[in-house]
Amino acid sequence: MAFDETIVQEWLDHLKGLNVETKKMFGCYCLYCDGQAVGWIHDTVLSLREVGLDYLPEDIKRPESEDKIHELVIPFDYVGAEWLIKAVQDTADIRKRKR
């Protein structure tokens, strides 16, 4: 599937209430929350940085410690999931504390 900017907008529409923005980079869109880079939107998925959230559905694959990229690949099926807003905000908050 070719990348479609309407997909980006749909992810953002479901993150209303958060201080989020995107910046186009490397053919994808970097997702920022409260000024923290929390992930990428590419094709139809949101790749959220792995910060150890323990409330995500079991089918969200977690990276192995030896993986070079530590992101959670969240399929578009979860665009309206109740936990998504909390996951994006928690990722930003955890990343802020680690700096």
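The values are calculated or read from the model by the stated rules, or taken from the named source; none is laboratory data. Quick caveat, the model's predicted, so the values are computed rather than measured. Counting neighbours? That spans all protein chains shown, and the Cβs are built from the backbone with ideal geometry, glycine included. With ligands, DNA and RNA removed, areas are computed over all heavy atoms of the protein, side chains included. Shrake-Rupley method; radii C 1.70, N 1.55, O 1.52, S 1.80 Å.
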Note to self: Here's a check for you: in the stretch 43-99, which residue that is surrounded by fewer than 13 Cβ atoms within 10 Å (Cβ to Cβ) and hydroxyl-bearing (Ser, Thr, Tyr) is farthest from residue 31 (Cα to Cα)?
What the structure shows: 65
Next item on the list: Report, ordered by the first and then the second residue, all pairs with beta carbons closer than 7 Å, sequence separation of six or more or different chains, a first member in the stretch 71-88 that is farther than 16 Å from residue 20 by Cβ and among the charged types (D, E, K, R), and a second member that is open to solvent by less than 40 Å² (accessible area, probe 1.4 Å) and not in a helix (DSSP H, G or I).
Entry: 71/39; 71/47; 71/48; 71/63
Next item on the list: Please enumerate the residues belonging to the stretch 1-36 that are among the acidic types (Asp, Glu), assigned to a helix (DSSP H, G or I) and at pLDDT 90 or above.
Entry: 10, 13
Item checked: Selected residue [open to solvent by less than 70 Å² (accessible area, probe 1.4 Å), more than 14 Å from the chain's Cα centre (by Cα) and in contact (Cβ under 8 Å) with a residue 24 or more places away in the chain] from 39, 27 -> 27
Next item on the list: Answer yes or no as to whether residue 92 is on the phi < 0 side of the Ramachandran plot, touching an Asp or Glu at 6+ places or on another chain (Cβ under 8 Å) and touching a residue at least 12 places away in the same chain (Cβ under 8 Å).
Entry: yes
